[in-house]
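*Asks:* Once you've had a glance at the structure underneath, I'll fire off some questions.
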């Protein structure tokens with residue numbers, strides 16, 4: 001799947017609240033450090049994981065399901081197997097009338113669920129990581145020695 005840099009950048013700029021489905025409290029898990037990174041960039045990140053319900057993560061209480069999130073959510077970021085995506089998308093569509101983005105992490109894709117969300121006017125991104133895209137599009141990968149192809153005056 002191809003997504004333009006303009007689309008990805010627009011999604012990252014318009015998003016304020018992210019529900020991370022499948023977040024882990026284990027700091028070595030990708031879902032943890034991606035959520036942490038996004039929270040450090042100013043997003044309100046709310047973890048969704050029934051196994052960690054009630055625990056605090058990045059200043060927010062983890063909830064068991066999307067319907068328990070106490071804020072309007074702009075983006076649902078999915079860190080679950082592809083088979084779990086349809087139920088997650090169905091719940092998100094039911095509880096968030098103003099949802100703007102469904103983002104499926106690297107290795108996560110589901111064409112039917114994506115089509116269902118897109119039919120409701122929701123931007124769907126599959127098999128990508130918002131942390132990686134943020135770093136690439138906003139000139140942060142160069143801090144790690146990577147050439148981003150983006151010119152920035154940030155130091």
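*Asks:* How much FRET efficiency would the formula 1/(1 + (r/R0)^6) give for residue 87 and residue 138, where r is the Cβ-Cβ distance and R0 is 41 Å, rounded to 0.05?
*Replies:* Between residue 87 and residue 138 the formula returns 0.80.
*Asks:* By count of other Cβ within 10 Å, fewest leading, how are 17, 76, 45 ordered?
*Replies:* Least to most surrounded, the residues fall as 17, 45, 76.
*Asks:* Given the -39500 (n - 2.57) contribution per DSSP H run of 4+ residues, what per-residue ellipticity at 222 nm results for the chain, rounded to the nearest 500 deg cm²/dmol?
*Replies:* My calculation for the chain gives -9000 deg cm²/dmol from helical runs alone.
*Asks:* Let me ask you something else. Treating the angle as unsigned and between 0 and 90°, give the value, to the nearest 10°, between the Cα long axis of helix 30-40 and the longest Cα principal axis of the chain.
*Replies:* Around 70 degrees separate the two axes.
*Asks:* If I take R0 = 35 Å and measure r between the Cβ atoms of residue 28 and residue 127 in this structure, what FRET efficiency does the formula 1/(1 + (r/R0)^6) give, to the nearest 0.05?
*Replies:* Plugging the Cβ-Cβ distance into 1/(1 + (r/R0)^6) gives 0.95.
*Asks:* How far is helix 85-95 tilted off the main Cα axis of the chain, in degrees rounded to 10, range 0 to 90?
*Replies:* 80
*Asks:* Which log10 I(q)/I(0) values, to two decimals, does the chain give at q = 0.18 Å⁻¹ under the Debye formula with one point per Cα?
*Replies:* With no solvent term, the Cα-only Debye profile gives -1.08.
*Asks:* Whole Å is fine, so just give me how far the alpha carbon centre of the stretch 68-114 lies from that of the stretch 1-61.
*Replies:* Distance between centres, Cα-based: 12 Å.
*Asks:* Turning to a different aspect of this structure: Report relative contact order for the chain in percent, whole number only (criteria: Cα-Cα under 8 Å, sequence separation at least 6).
*Replies:* 19
Every number in this text was worked out from the coordinates using simple rules, so none of it is lab data. Note that the structure is predicted; figures quoted are calculated from it, not measured. Cβ sites come from the backbone with ideal geometry, for glycine too, and all protein chains shown count toward neighbours.
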